[in-house]
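Report on one structure; see the data block that follows.
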Amino acid sequence: MDAEFIVVHNTANDAPAANEVAYMIRNNNSVSFHYAIDDKEIVQGIPENRNAFHAGDGGNGKGNRKGLSVEICYSKSGGQRFIQAEKLAAKFIASKLKEKNWGIDKVKKHQDFSGKYCPHRTLDMGWQRFLNMIKTELNSLNKPKGGNNMANNNTPSTWAKEAWEWAKKEGIMDGNRPKDNMTREEFATVIHRLYKSGKLR
């Protein structure tokens, strides 16, 4: 299967992810899914390149044929375990969107394909709310690491400020990107400037 989107489900019971997958493997019905997520872990049911029968739209339905299925556990009783499972699911789905270079529009509901009221508790609590959780996680994944933005890059650390200002004043450094790594050619240029200024003699 070449997945085109993610389909979100609620399990409608209170079993953990490992039990969901174990039951899926040993049962005789045709229902299957790619991932089950509880409050502590993500358990894969079948490989992503295999079709799962989860969307209720038949053997040739787009939900089953093109959807990567995610089951969120503990939805029957809800409560804190379900809330934590949803949070972990939002993180996981965001990571899949980033991995596949997909937008939030690639997140679908089981309901979109068969009309079934699923993911039932997520829908009760607000579908847009859940999408916003995923967006927040996706934005976090897309942020530059280490706060390496232009504002921070152009401000030297306190311990280096005196030396940095001196190097700028003497024309040894150009005054930009104090926290960036230096290439060999940039290093050679600094040494050359020092030599020409007589400060290495």
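Taking the conditions (1) surrounded by 10 or more Cβ atoms within 10 Å (Cβ to Cβ); (2) outside any helix (DSSP H, G or I) in turn, ASN181 satisfies each one other than (1). Selection of first residues in the range 170-190 that are touching a residue at least 12 places away in the same chain (Cβ under 8 Å) and of second residues that are surrounded by 11 or more Cβ atoms within 10 Å (Cβ to Cβ) and among the polar types (S, T, N, Q), restricted to Cβ pairs under 6 Å at least 6 apart or on distinct chains, gives the following pairs, ordered by first then second residue: ARG177/ASN153; LYS179/ASN153. Is it fair to say MET125 is surrounded by fewer than 17 Cβ atoms within 10 Å (Cβ to Cβ) and closer than 29 Å to GLY61 by Cβ? Criteria met by MET125. Just one of the listed residues (ALA188, ALA167, ALA85, ALA160) is small (Gly, Ala, Ser), more than 30 Å from ASN60 (Cβ to Cβ) and in contact with a Phe, Trp or Tyr (Cβ under 7 Å, 6 or more places away or on another chain), namely ALA85. TYR74 fulfils the conditions (1) modelled with pLDDT under 90; (2) surrounded by 18 or more Cβ atoms within 10 Å (Cβ to Cβ); (3) not small (Gly, Ala, Ser) except for a single criterion, (1).
For the range 41-84, the set of residues classified as basic (Lys, Arg) and within 25 Å of LYS100 (Cβ to Cβ) consists of ARG50, LYS62, ARG65, LYS66, listed by residue number. In the range 16-49, the residue that is farthest from PHE92 (Cα to Cα) out of those that are among the aliphatic types (A, V, I, L, M) and crowded, with 17+ Cβ neighbours inside 10 Å is MET24.
Just one of the listed residues (ALA85, ALA52) is assigned by the TED database to the domain that holds HIS110, surrounded by 18 or more Cβ atoms within 10 Å (Cβ to Cβ), over 22 Å from the mean Cα position of the chain (by Cα) and not hydroxyl-bearing (Ser, Thr, Tyr), and it is ALA52. Criterion applied to GLU99, GLU71 was being assigned by the TED database to the domain that holds GLU137, free of Cβ contacts under 8 Å to residues at least 24 places away in the same chain and more than 16 Å from LEU131 (Cβ to Cβ), and the one residue passing it is GLU99.
Exactly one residue out of LEU97, LEU141 is in contact with a helix residue (DSSP H, G or I) (Cβ under 7 Å, 6 or more places away or on another chain), loosely packed, with under 14 Cβ neighbours inside 10 Å and part of a helix (DSSP H, G or I), and it is LEU141. Residues in the range 187-201 that are charged (D, E, K, R) and at pLDDT 70 or above: ARG193, LYS196. Go through the residues of the range 111-120 one by one and say whether even a single one is modelled with pLDDT under 80, of a type outside the set (D, E, K, R), surrounded by 15 or more Cβ atoms within 10 Å (Cβ to Cβ) and in a loop (DSSP other than H, G, I, E, B). The answer is no; no qualifying residue exists.
The values are calculated or read from the model by the stated rules, or taken from the named source; none is laboratory data. All values reported here derive from a predicted model rather than from experimental measurement. A quick note on method: Cβ atoms are made from the backbone with ideal geometry, for glycine too, and the neighbour counts reach across all protein chains shown.
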